[in-house]
Structure formats: structure tokens, C-alpha cells
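Heads up, the thing below is written out as C-alpha cells.
The values are calculated or read from the model by the stated rules, or taken from the named source; none is laboratory data. Just so you know, these numbers come straight off a predicted model, no measurement behind them. No Cβ is skipped: glycine too gets one built from the backbone with ideal geometry, and neighbour counts run over all protein chains shown. Side chains included, ligands, DNA and RNA excluded: accessible areas come from the protein's heavy atoms. Shrake-Rupley method; radii C 1.70, N 1.55, O 1.52, S 1.80 Å.
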Amino acid sequence: MVAEETQTPLLLGVHVSIAGGIEKAFARGEEIGCTAIQIFTRNASRWQAPPLKPEVVSAFRQARELSSIQYVAAHDSYLINLASPDEALRRKSITTFLDELGRCHQLGIGDLVMHPGAHMGAGTEAGLARVAESFHEIFQKAPGGVRVLLENTAGQGTCLGARFEELAEIIRLVPEGDFAVCFDTCHAFAAGYDLSSAAGYVDVMAEFDRLIGCERLALFHANDSKKALGSRVDRHEHVGKGFVGTVGFAALMRDERFAAVPRILETPGGENHCHDLENLALLRRLAGELRE
Ligand SMILES: [Zn+2]
Ligand SMILES: [Zn+2]
């Protein structure tokens, strides 16, 4: 057994609401014992968002300084589609994504998680080319200091990013981009990557390492899947209660390569956070006693 003091603290938490003020996210996370959180910095289902007031920015930064939470990621709006063949929609997506980056920059959030987009029938190749074109423009105008975390998807409909090859291709096409990857376990499983056994986990991560590189993996979304392997349907289930199961999550939680990588739950918190508390406790247990 390794000496306790050499252990990295487990960065673990949930996506928390910003209702009533973005700075309230920290108290919400602390209440359930999070050391990491994910937030939206604006209403995720609207195009328009009022700019952040300076007093909101300072309240957020101050709350963060006083908080025991060590990692914060933002997730972008679900409306954004940088792959859209509809030029008006793609333009709107670029503008909104730049606003997302600007907000992160103001708030001091270093990681912005995003879904690569949907090709809407244009085909994977054309879709990836449009994403790259959008990113060329974005990185020219981006404020800097904010990393873009490409999230793998379940491959629902015409969504890009279900295959590791597609994420790798975006990174390759945009060499100037500041990219890392957010690995969603539910999405990967639904996309056909079998994480439900120890051997399956090893194979999937070897594939990830070969195509993208484990050093690019910056965040996990620790969601189980309500749907079967390869279903391409994105339905999050509580950790251990779905098709991935505790065996798969144990393999993930004990993988030393990712000891310092934060893990975020994106499942319903439940009454008085009952589900969150249970899920976080399970992940801590799976990570091993020493890291609790
Ligand atoms: Zn997401
Ligand atoms: Zn996710």
C-alpha cells in the first residue's frame, strides 16, 4: 500500500446549478462534498445571455478562493452546433461559443466542455470539416487561457464525436487549437466502447491512447448508461446501476494514469441530493480506501 500523504486528492463532484447566482455553485458543491464541479455559465437552452456583471465576476472569484473545491469546468450551451450546414446557424454557434469562452476567461474557468456538433445529413467528413473551419475562426478570436474540452458523444442522430477517430481528426485539423478531451463513460458505452469489464476497459483506453493520447484526457463524465452497448442512445444512469456497472467504474477509478483527472456526475441529484451522495460515495469506495 502506498503512503497516504503521497496520494493525489480525488477530484470528484457533480454538475451543479447556478440558480440564484453563479457564485452559489461552490456552496452547492461543498454541501455534498464535491472537490470538483461543472457548471453552465449561462442559460444552456437560450442563444442570448446578458453579459456577466463585474460584481458577479468578483463574487464568483471570491467564492472560489474561499472554497474547498479545487476544480471547475464549464459546459457549453446545447444549442451550439459548429458543424451545422446551415450557415446562419453555424455563425450564431460561433458567436455563442466565443461568448462561452469569454465568460470562462472572465470567471477564471480554465476548461470549457463542448459537444463537437451534428452534421445534419451532410455526412461525417463534411461535418468535421465545418467544425474545423469554425474552430479556426474561434481560436483566432478567443481570449486565451481557456482550454476546449471536446466531449465524446453517443452518436445519436447525426452527432459527431462518437468515435475517437473523429475527435482525433478535429484536433489534427486545428493544430492551433487548445484542445483536450472530456470522456463521458455513458456516451462511450452507447457509442460501442465496452467499458463494462476490466478487459473491455483496458482495450477501450488503449484505443483512446493510440488515437488521441491519454495525456489529452482532462475530465471524465462518470455516467452509467440506461441503454445497451452500441445503442447510440444517450440516457444517463446512476453510477453502477446501468450497463457499464460497478466493474467498469472500478477499473476507471483505479487507473493510476488518470489519478489526477477530475470526475463529474451528470445524473439527477435526487431529493436532498440522495442520489449524488450515494453515487459519490460509491466512486470513492471504488477508488480505494486510501483516496477517501
Ligand atoms: Zn456534455
Ligand atoms: Zn457528458
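What number of residues within the range 29-57 satisfy the criterion of being outside any loop (DSSP other than H, G, I, E, B) and more than 16 Å from Val72 (Cα to Cα)?
Number of matching residues: 3.
Pull up the range 146-178, narrow it to residues that are of a type in the set (A, V, I, L, M, F, W, C), over 22 Å from Gly123 (Cα atoms) and outside any loop (DSSP other than H, G, I, E, B), then point me to the one that is farthest from ligand 1 (Cβ to nearest atom).
Val148
Could you tell me which numbered condition Met120 fails, if it satisfies all but one of (1) more than 16 Å from ligand 1 (Cβ to nearest atom); (2) assigned to a helix (DSSP H, G or I); (3) over 30 Å from Glu23 (Cβ atoms)?
Status for Met120: all satisfied but (2).
Name, by its number, the condition in (1) more than 17 Å from Val14 (Cα to Cα); (2) modelled with pLDDT of 95 or more; (3) open to solvent by 30 Å² or more (accessible area, probe 1.4 Å); (4) away from ligand 1 (no atom under 16 Å from the Cβ) that does not hold for Arg232.
For Arg232, the failing item is (4).
Every residue, every condition in (1) of a type in the set (A, V, I, L, M); (2) in contact (Cβ under 8 Å) with a residue 24 or more places away in the chain, yes or no:
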{"site": "Ala36", "(1), (2)": "yes, yes"}
{"site": "Glu55", "(1), (2)": "no, no"}
{"site": "Gln62", "(1), (2)": "no, yes"}
{"site": "Ser67", "(1), (2)": "no, yes"}
{"site": "Val72", "(1), (2)": "yes, yes"}
{"site": "Ala83", "(1), (2)": "yes, yes"}
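If you go through the range 133-190 one residue at a time, how many are open to solvent by less than 50 Å² (accessible area, probe 1.4 Å) and not hydrophobic (A, V, I, L, M, F, W, C)?
14
In the range 179-289, which helices (runs of 4 or more DSSP H) lie fully inside it and hold 2 or more residues that are β-branched (Val, Ile, Thr) and farther than 25 Å from Met114 by Cβ?
245-253
With respect to Gly242, is the statement that it is of a type outside the set (Val, Ile, Thr), touching a strand residue (DSSP E or B) at 6+ places or on another chain (Cβ under 8 Å), under 21 Å from Gly155 (Cβ atoms) and open to solvent by 10 Å² or more (accessible area, probe 1.4 Å) true?
Yes: the conditions hold for Gly242.
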